[in-house]
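This report concerns only the one structure given below.
A short reminder: the numbers here are calculations on the coordinates, not readings from a lab. Bear in mind the structure is a predicted one, so any value in this text is a computation, not a measurement. Quick reminder, even Gly has a Cβ in these numbers, built from the backbone with ideal geometry, and neighbours come from all protein chains shown.
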Protein chains: 2
Amino acid sequence: MTYNPEIYNDQRPNVGVTIVPFIYDEQVIKTLVYKRPIDAEQFANTHALPNCFYDRKKFKTTDEAAKHALLVKTNISIPYMEQLHTFSGDHIDPNRINTINITYFALLRKSDILNISEKNFVSEWMDVDKLLKKDNFAFNHHEVLSLAWNRICSKAEYTPIATQLLDEKFTIVEFKALTELLMNTKLNNSRFRDRVEKSELLIPCSGEFENRKTRPAQLYTVNPHIKDFFYPRSMTKAT
Amino acid sequence: MTYNPEIYNDQRPNVGVTIVPFIYDEQVIKTLVYKRPIDAEQFANTHALPNCFYDRKKFKTTDEAAKHALLVKTNISIPYMEQLHTFSGDHIDPNRINTINITYFALLRKSDILNISEKNFVSEWMDVDKLLKKDNFAFNHHEVLSLAWNRICSKAEYTPIATQLLDEKFTIVEFKALTELLMNTKLNNSRFRDRVEKSELLIPCSGEFENRKTRPAQLYTVNPHIKDFFYPRSMTKAT
DNA sequence: GAAATAGTGTCTTTTAGACAATATCAC
DNA sequence: GTGATATTGTCTAAAAGACACTATTTC
């Protein structure tokens, strides 16, 4: 029963991490993809999401590896990150059939992104809508993007996750428009405001308004005391 | 850029899977744990959840490995299984700091469990309540159990997941009692029945009733046409 | 009939949904 | 004032919640 570190070596999978970063820019959601070199051994000239191998010498946890995969392609802090799913199977990497892919998504603020260009590769923030229609992704990155997109859209319905994509200060109108985009439906105005009020999720930045050429809108910021908030579900409790 | 399979070998983690199986038995939820041998190299004489290494030679996917980890300890089919989370970090296995744990939970029917005893180890279905209070689990299995328990309890509120723990035919009273157990609250009788009716989740087994010494209760079965059902959330859609 | 549990109905309160009305800015 | 958008209010419909009532069995 003594542990021999060599025993399992040839059975150990390649473990990689992939992260799907989202930003809200010009009324659409975008994600960061980079183009693989034309002379790449596999998936040449196709799009891929930020990813790297999980190397225990470099990273204590896969979360750290995922952050690294994103940070070398941006240079920003990550306000919100969540593990998505772990994929396994031969389809992930045809050249390395023993591969596991631990996936994450992240929500970033456009204003936090200072410089997304790097010398080593060409990366680009592209419309999620358009990317989902493409089928020539590297690895299993289409299913990863698709799952990430479904997750964030679902969560927009019962959590205030969309606020993570907005600037620090934002108006209710902006919050509503983004939620509508994610939910792919129009929402009732009064109800949306009532919900925000009752939940105490947002606190008004007193005296601060956004000025366009119309009536100024109150600016709000996320209430830091409220963590892991879920909007009330309609469930039937008894006294 | 040519791939050399040896390059990453000493960086590759041990990948293990853990599965938390639940049954509903005698009005409580139980999970299967086995006791590690007294002479085990590590975590001797402590409880552990069903687990095994992920060996690509044996399993094409980690899902298959998770099923295997459970099946060698039971000998049943697995009606419902879901991936939970992938853990990494030094705390999982002190003897193998480069370890990753891909975790699952499963929902079983007590009636499907024919023979849970095996010769190679002692396993036992124990109250989840009691297990959660113990702190001497092997590996990170306490956090795995805790996460699994939270997940199933949350899902009982907005999905009919609890039906997976009941026999094929069950009464609404049984379904309600189990949901109350998971949600840790009493539920409104009429509302619960209305919800079941409207959702068309259950179909009555016509003419079949459960007979106790009181008024017989209608038996229902899960509508096979309804997949991935979520109870309606209160969200504010506009026309 | 009594006891026990299954299932239904009724009333009140709360929330959702539609949409009108008012408010505040630039010009 | 007009135009544009923000914000509030009002009315109606639907759902939740509390709880009483009726139904069907065994004894």
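Yes/no matrix, rows are residues, columns are (1) away from chain A (no Cβ under 14 Å); (2) more than 16 Å from DNA strand D (Cβ to nearest atom); (3) crowded, with 16+ Cβ neighbours inside 10 Å:
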residue: B:133; (1), (2), (3): yes, yes, no
residue: B:145; (1), (2), (3): yes, yes, yes
residue: B:151; (1), (2), (3): no, yes, yes
residue: B:180; (1), (2), (3): no, no, yes
residue: B:198; (1), (2), (3): no, no, no
residue: B:203; (1), (2), (3): yes, yes, no
residue: B:220; (1), (2), (3): yes, yes, yes
Open item on the list: Which numbered condition in (1) of a type in the set (Phe, Trp, Tyr); (2) over 15 Å from the mean Cα position of the chain (by Cα); (3) buried (at least 16 other Cβ atoms within 10 Å of the Cβ); (4) more than 30 Å from residue B:194 (Cα to Cα) is the only one that residue A:209 fails?
Closed with: (3)
Open item on the list: Quick check on the range A:29-77: of everything there that is more than 11 Å from chain B (Cβ to nearest Cβ) and polar (S, T, N, Q), which residue is farthest from residue A:94 (Cα to Cα)?
Closed with: A:77
Task: the range B:169-189, subset of a type in the set (A, V, I, L, M, F, W, C) and free of Cβ contacts under 8 Å to residues at least 60 places away in the same chain, residue farthest from DNA strand C (Cβ to nearest atom) - done: B:183
Open item on the list: Criterion first (surrounded by fewer than 16 Cβ atoms within 10 Å (Cβ to Cβ), within 14 Å of chain A (Cβ to nearest Cβ) and charged (D, E, K, R)) does residue B:90 satisfy it?
Closed with: yes
Open item on the list: Given the criterion crowded, with 18+ Cβ neighbours inside 10 Å and of a type outside the set (A, V, I, L, M, F, W, C), identify the matching residue among B:160, B:232, B:216.
Closed with: B:160
Open item on the list: Based on this model, can you work out whether residue B:202 counts as in contact (Cβ under 8 Å) with a residue 12 or more places away in the chain, within 13 Å of DNA strand C (Cβ to nearest atom) and in contact with a strand residue (DSSP E or B) (Cβ under 9 Å, 6 or more places away or on another chain)?
Closed with: yes
